[in-house]
Amino acid sequence: VEEDPWLALPAQYPPGTKISGVVRNLTSFGAFVEVEAGIDGLVHISDMSWTRRVQHPSEVLHKGQDVEVVVLSIDPEQKRISLGLKQVQEDPWYELAQEYAAGKEVSGSITRLLEKGVVVDLGSDLEGFVPISQLGVEEHIDEPADRFSEGEGLELRVLETDPINRRIVLAVVGAPDVPYDVSDIDMDGESRKKDDEPAASEGDADEKTEAEAPETEAEDASEADAEDASDVEAEDASDVEAVEDAPAGAEDEAPAEPADEVSDEVGDDAENEAVPDEVAAEADADEDADDDPEDEDKAED
């Protein structure tokens, strides 16, 4: 019986250990790197770069690539290993805060159009954010996509470099000096392009149809139940109306029997009462005859 190899991993690879591995697979949330034969660890998408928001692991890694990563944690019970790619290097943000001090002018190009601003590439794998209020547009716009496009170059001025939240906030050179709302700084929002909604593929349409089918069946069943309930309520209402329209006291009156049947029943009762009287008279006569022997003798004389 072989020992579970996961039980020995925490001691073999304590947090902070640098190891080399091969990228085995890419997903929307990260990359799986083979640590040992049959054992993979996950590099989450948030642990791939210090200075930019990676939208998909394929922007940084590719399948089959040899990489150096750092062990962040190991859970032998859940059989999970968390790895970091950016942790191989030191966090550069405290140096960046000095290099990109407030007021410094830089050049950049738009890489993503968001609802509350634009993300710009400052070079050297570094990104910054320009809030919509700092784009230098005189007229009101609902979204940056109404006036700007990806790849467009901008001359910018640093407003703030925040090493704690790891972000650089900028303004277009010449833009009015107006305050910006910190809540508008959202570099993780979805990209938005004007009139650029992707058409749904046939697979998406099929999946949507399959997903909606159970809901349609449920709605049809509910409608059928509602119709049955309406029919029952209508029948109950008709019965109630019939009862209300009936004359008062009709429920208490017993149905009248035909007159002929009543007469026949009365006659039969009278005959039944008369028969006992005739029988009783004959019985009295017999008793009188038995009780008077003298009369019989007189009759013989």
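Data overview
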{"read-out": "Label point at residue 94 placed 7 Å out along Cα→Cβ; residues across segment 49-70 whose backbone nitrogen lies under 19 Å", "value": "50-51"}
{"read-out": "Net charge of neighbours whose Cβ lies under 15 Å from the Cβ of residue 61, counting Lys and Arg as +1 and Asp and Glu as -1", "value": "-3"}
{"read-out": "Gyration tensor (alpha-carbon) shape descriptor, segment 1-64, a/c threshold 1.5", "value": "prolate"}
{"read-out": "Order of 17, 161 - criterion: other Cβ atoms within 10 Å of each residue's Cβ, fewest first", "value": "17, 161"}
{"read-out": "Counted charge near residue 5, where neighbours are those whose Cβ lies closer than 12 Å (Asp, Glu -1; Lys, Arg +1)", "value": "-3"}
{"read-out": "Local net charge near residue 94, Cβ-Cβ under 13 Å (Lys/Arg +1, Asp/Glu -1)", "value": "-4"}
{"read-out": "Mean Cβ neighbour count within 10 Å, used as a protection proxy, ranking 35-44, 97-106 highest first", "value": "35-44, 97-106"}
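Read-outs: derived from the displayed coordinates by stated rules, not from any lab. Worth saying up front: this structure is predicted, and the values here are computed from it rather than measured. Using ideal geometry, Cβ is built from the backbone for each residue, glycine included, and neighbour counts are taken over all protein chains shown.
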